[in-house]
């Protein structure tokens, strides 16, 4: 395990209000760091929890080509007034994304969870089960028995790995106040203070998990997909107004109607129309469904990744990211502020039957 520190220093302000929960930790979160700075951490999941095991049958391993494959990363910036929300990122580590969300006053972690199964097992989906992938996603996220296709115990599910990481961070970095995201007895995360987020495969798992576990917010970049499945329409523990999606119109998931379909099954049309952020300024009519047609040179692969901070993201002539306001909106827009309901799109095929029928 190693720790990297990027030094800076500014005055820290208090959060205006606590997140409601009913526990003893109801005080507003504030930093009290004698040397305010941005902290970055890396820790191996296998070293944080002796119960953690690899699952090579689904490409869930601790070593790859002689290098650690189970690194998990975290970031917090104690120079910024904390919002009391923890982003759990369900995709590969993205330092530029983490720098953005911590600049909003959010904490952020990326965990090593079972996401290598998709390419192999998605090809084995039976014609008769329209929730097959969703069950695997839920088992990978929870470590509970939801699917016959995999066997992922609790120590290897995203929930427990995130819990063990945050517990380690609370001890390693008391300046970051990571204990704010733990229950009073330390046995679980405060999921009402968690923003579950991801891109592509990760956004799809984030949405599936939020159906099962109530969280503060779901941020879905270029997703969710699982286009032959119907789990997106299941009853949701997380209210529908807390799901936020953003995709590019050249992305194959968009041109194939997969994203619009998932968004409608999630009920996001109840909170406003699909809004093109190139033509409308924040807060985008308070919609939960945002798209862009920014110039990516006609490259669908770049379009897929362009909605997330990083090399594929689109910049203006001055070198500034075009979607700075969009990213802030997705992670911080008040969930109670919603757009007006609209009808479903007849051109977006929603009611898919299982494969082969």
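The values are calculated or read from the model by the stated rules, or taken from the named source; none is laboratory data. Predicted, not measured: the structure shown is a model, and the values here were computed from it. FYI the Cβ positions are ideal-geometry reconstructions off the backbone, even for glycines, and counts take in every protein chain you see.
Considered as a group, the residues in the range 47-70 that are modelled with pLDDT of 95 or more and part of a helix (DSSP H, G or I) include one that is farthest from residue 141 (Cα to Cα), and that residue is 47.
So that you can scan it fast, the table gives a plain yes or no per residue for (1) in a helix (DSSP H, G or I); (2) within 24 Å of the chain's Cα centre (by Cα):
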position	(1), (2)
285	yes, yes
294	no, yes
308	no, yes
317	no, no
339	no, yes
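Take residue 294 and tell me if it is in contact (Cβ under 8 Å) with a residue 24 or more places away in the chain and touching a helix residue (DSSP H, G or I) at 6+ places or on another chain (Cβ under 7 Å). Against the criterion (in contact (Cβ under 8 Å) with a residue 24 or more places away in the chain and touching a helix residue (DSSP H, G or I) at 6+ places or on another chain (Cβ under 7 Å)), residue 294 does not qualify.
Restricting attention to the range 226-252, and to residues there that are part of a helix (DSSP H, G or I) and farther than 19 Å from residue 131 by Cβ, which single residue is modelled with the lowest pLDDT? Reasoning before the result, please.
Initially, the range 226-252 is screened for residues part of a helix (DSSP H, G or I), giving 231-233, 240-242, 252.
Next, only the ones that are farther than 19 Å from residue 131 by Cβ stay: 241-242, 252.
Numbers: 241: 98, 242: 98, 252: 94.
Among them, the one singled out is 252.
Of the listed requirements (1) in contact with a helix residue (DSSP H, G or I) (Cβ under 7 Å, 6 or more places away or on another chain); (2) farther than 28 Å from residue 265 by Cβ; (3) surrounded by fewer than 21 Cβ atoms within 10 Å (Cβ to Cβ), residue 153 misses just one: (1). Residue 168 fulfils the conditions (1) in contact with a strand residue (DSSP E or B) (Cβ under 8 Å, 6 or more places away or on another chain); (2) outside any helix (DSSP H, G or I); (3) surrounded by fewer than 24 Cβ atoms within 10 Å (Cβ to Cβ) except for a single criterion, (2).
From the list 53, 85, the lone residue that is over 16 Å from residue 331 (Cα atoms) and in contact with a helix residue (DSSP H, G or I) (Cβ under 9 Å, 6 or more places away or on another chain) is 53. Flag set for residue 250, criterion: farther than 20 Å from residue 340 by Cβ, in contact (Cβ under 8 Å) with a residue 40 or more places away in the chain and in contact with a helix residue (DSSP H, G or I) (Cβ under 7 Å, 6 or more places away or on another chain).
Within the range 195-214, the set of residues being more than 11 Å from residue 238 (Cβ to Cβ), within 8 Å of the chain's Cα centre (by Cα) and part of a helix (DSSP H, G or I) comprises 202, 203.
Would it be correct to say that residue 65 is crowded, with 19+ Cβ neighbours inside 10 Å and over 28 Å from residue 208 (Cβ atoms)? In short, no.
Check every one of the helices (runs of 4 or more DSSP H) wholly within the range 71-155 and list those with 3 or more residues that are over 20 Å from residue 236 (Cβ atoms).
Values: elements: 95-103, 118-121, 132-142.
Result: 95-103, 118-121.
A search for C-beta distances below 9 Å between a residue of the range 310-336 that is on the phi > 0 side of the Ramachandran plot and any residue that is modelled with pLDDT of 95 or more, counting only pairs 6+ apart in sequence or on different chains, returns 310/94; 310/95; 310/96; 310/97.
When we screen 354, 341 for residues that are at pLDDT 95 or above and surrounded by fewer than 17 Cβ atoms within 10 Å (Cβ to Cβ), the only hit is 341.
So, of the residues in the range 258-273 that are in a loop (DSSP other than H, G, I, E, B) and in contact (Cβ under 8 Å) with a residue 60 or more places away in the chain, which turns out to be surrounded by the fewest Cβ atoms within 10 Å (Cβ to Cβ)? Give the steps one after another, and end with the answer.
Residues of the range 258-273 in a loop (DSSP other than H, G, I, E, B): 266-267, 272-273.
Narrowing further to those that are in contact (Cβ under 8 Å) with a residue 60 or more places away in the chain: 272-273.
Working: 272: 19, 273: 16.
This residue is 273.
Can you confirm whether residue 279 is surrounded by fewer than 21 Cβ atoms within 10 Å (Cβ to Cβ) and part of a helix (DSSP H, G or I)?
Values: surrounded by fewer than 21 Cβ atoms within 10 Å (Cβ to Cβ): yes; part of a helix (DSSP H, G or I): no.
Here the answer is no, as residue 279 does not meet what is asked.
Being surrounded by 24 or more Cβ atoms within 10 Å (Cβ to Cβ), at pLDDT 95 or above and part of a loop (DSSP other than H, G, I, E, B) is a description that applies to residue 223.
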